[in-house]
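Every read-out reported here was derived from the displayed coordinates using simple, explicitly stated rules and does not represent laboratory data. Bear in mind the structure is a predicted one, so any value in this text is a computation, not a measurement. As a convention, Cβ positions derive from the backbone with ideal geometry for all residues, glycine included, and neighbour counts pool all protein chains shown.
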């Protein structure tokens, strides 16, 4: 019963605050997809930290769309010699992740 009550409370809170819902969904995606193998939020690993990515793209028009494309299709040469492979995410998942990454300042 406690699990159901907590789940309903979390769902209600998320529906009242779209920003929190985005963060929760994106954090879940980040953990569930291959992102965690190469990226951390606050420090470099194989790839750059999400804070570094957010700072690099801060204030740029179309940054979320650019990042979503990189997430889906991969990229090379932007952060050094190691390429980022394409990721198996939907358009919506890529958009959610990209918007969340840009908030990690």
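Laid out as a table, the results:
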read-out: Per-peptide average of other Cβ atoms within 10 Å, ordering 37-48, 79-90, 63-74, 94-105 highest first; value: 94-105, 63-74, 37-48, 79-90
read-out: Under 17 Å from the residue 40 label point (7 Å along Cα→beta-carbon), backbone N, segment 56-91; value: none
